[in-house]
Amino acid sequence: MKNFSELITYGLLAFTLSICIIPLMKTAAEKCRLVDIPNARKVHQKAIPLIGGLAIGAIVALLAGLSSMQDLKEILPIIITSYVMLVVGTMDDKTDIKAIYKLGIQICVSIIIAFSGIRITSLYGIFGIYDINIYAQYLITILVMVAAVNAFNLIDGIDGLAGSVAGSGFILLLAITIIEENYGLMKLVMLFIGGIAAFLRYNFSKENKVFLGNSGSLFLGYFLVSIGIYIAKFDNIVSGFPYGLFFLLFVFTIPMIDSVRVYADRILRGKSPFKADKSHIHHYLLQLGISHKTITVLFIVMNVLLFVIQYLCLEDFSLYTLLISLIAFAGIFKCIKILNFFILWKTKVKELENKTQ
């Protein structure tokens with residue numbers, strides 16, 4: 001009970017301090033022009049401060065630094081490199097760093113994590129493969145980390161989406177740390193949950209809105225994929241439950257599938273896969289007239305549904321499980337596109353009727 005009370009205290013303290021610090025950081029961001037300027041691709045109409053990630057990072061660092069968290073030494077490489085990503089994201093928000101430079105930095109920090117011993121060591125039966133050799137471990141770990149970070153970054157396109165996905169991921173991570181009795185990581189997770197909850201309070205606000213920014217999406221996405229791989233080190237598909245694997249699938253399945261779909265679509269249209277547009281699933285949902293909050297809820301529900309499918313296929317986890325997930329997502333996305341087509345058609349018909357009157 002004492003530990004539970006302390007955990008709640010950590011979360012409430014992070015929430016309260018974040019609520020207090022975000023308005024101050026918002027004012028500072030407006031003065032130094034650390035803001036998201038609206039354009040044809042944006043869905044907002046005025047410049048919005050990009051300090052959500054900075055606020056979460058600052059509070060987590062402050063409270064973790066003031067606490068005795070000696071049992072977090074094993075994940076120190078994750079913590080340090082996550083803050084490197086926070087700094088890189090902040091610089092990108094301010095000066096718009098070239099994609100190739102960001103990719104190079106992401107590869108470098110992923111290499112650091114892999115060489116620290118935090119690596120993917122099994123494919124859990126995908127393609128009939130379980131244990132993999134050391135060279136494949138390094139390569140797959142780096143590829144997965146870079147792909148997951150960029151996929152998570154790409155879902156940060158509407159109010160609350162990236163923050164809510166990260167928040168639900170940290171809640172699942174909290175449950176895992178409770179099961180595994182990792183008290184040090186529990187406290188750190190509670191700091192993230194408190195900070196994210198405070199950010200969402202402002203992110204959904206009309207008058208005092210702030211955005212997560214590339215700093216926040218890179219910071220949270222990188223930490224989540226790294227900690228998932230760390231947990232997966234202790235997974236045992238034969239005698240235990242693969243917590244790390246299912247954590248990664250829960251957080252990153254839809255962002256990864258959607259990003260691959262978007263990249264492929266851009267290439268097929270003869271455009272650069274890195275040229276931003278409005279072809280992500282949340283953009284299609286916006287075109288249906290669905291609110292940001294509702295889209296966020298729908299996204300979490302889709303995450304849970306795919307998670308349940310993957311859980312039910314646990315005993316025969318293989319390439320077929322991934323195919324089922326892909327088919328399920330493709331079906332959902334196809335329905336959304338059909339609805340979009342009918343709404344666009346209906347709008348054009350009304351415009352023609354108005355012209356003829």
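A simple spin-label model places pseudo-atoms 7 Å from Cα toward Cβ; at residue 288 and residue 111 they are separated by 4.4 nm. Let a ≥ b ≥ c be the square roots of the eigenvalues of the Cα gyration tensor of segment 112-268; is it rounded (a/c under 1.5), or, if not, prolate (a/b larger than b/c) or oblate? It comes out oblate by the Cα gyration axes. Checking the a/c ratio against 1.5 first, then a/b against b/c, what shape does the Cα gyration tensor give for segment 103-149? Prolate, since a/c reaches 1.5 and a/b exceeds b/c. Using only side-chain charges placed at the Cβ, +1 for Lys and Arg and -1 for Asp and Glu, the dipole size of segment 86-219 relative to its Cα centre rounds to 200 debye. Rounded, prolate or oblate: which fits segment 142-187 when a ≥ b ≥ c are the square roots of the eigenvalues of the alpha-carbon gyration tensor, with rounded for a/c under 1.5 and prolate only if a/b beats b/c? The shape class here is oblate. Label positions at residue 98 and residue 205, each projected 7 Å from the Cα along the C-beta direction, are separated by 3.9 nm.
Neighbours of residue 213 by Cβ distance under 11 Å: Lys/Arg scored +1, Asp/Glu scored -1, total -3.
Each value in this text was obtained by applying a stated rule to the coordinates, not by laboratory testing. Nothing here was measured: the structure is a model prediction, and the numbers come from that model. Using ideal geometry, Cβ is built from the backbone for each residue, glycine included, and neighbour counts are taken over all protein chains shown.
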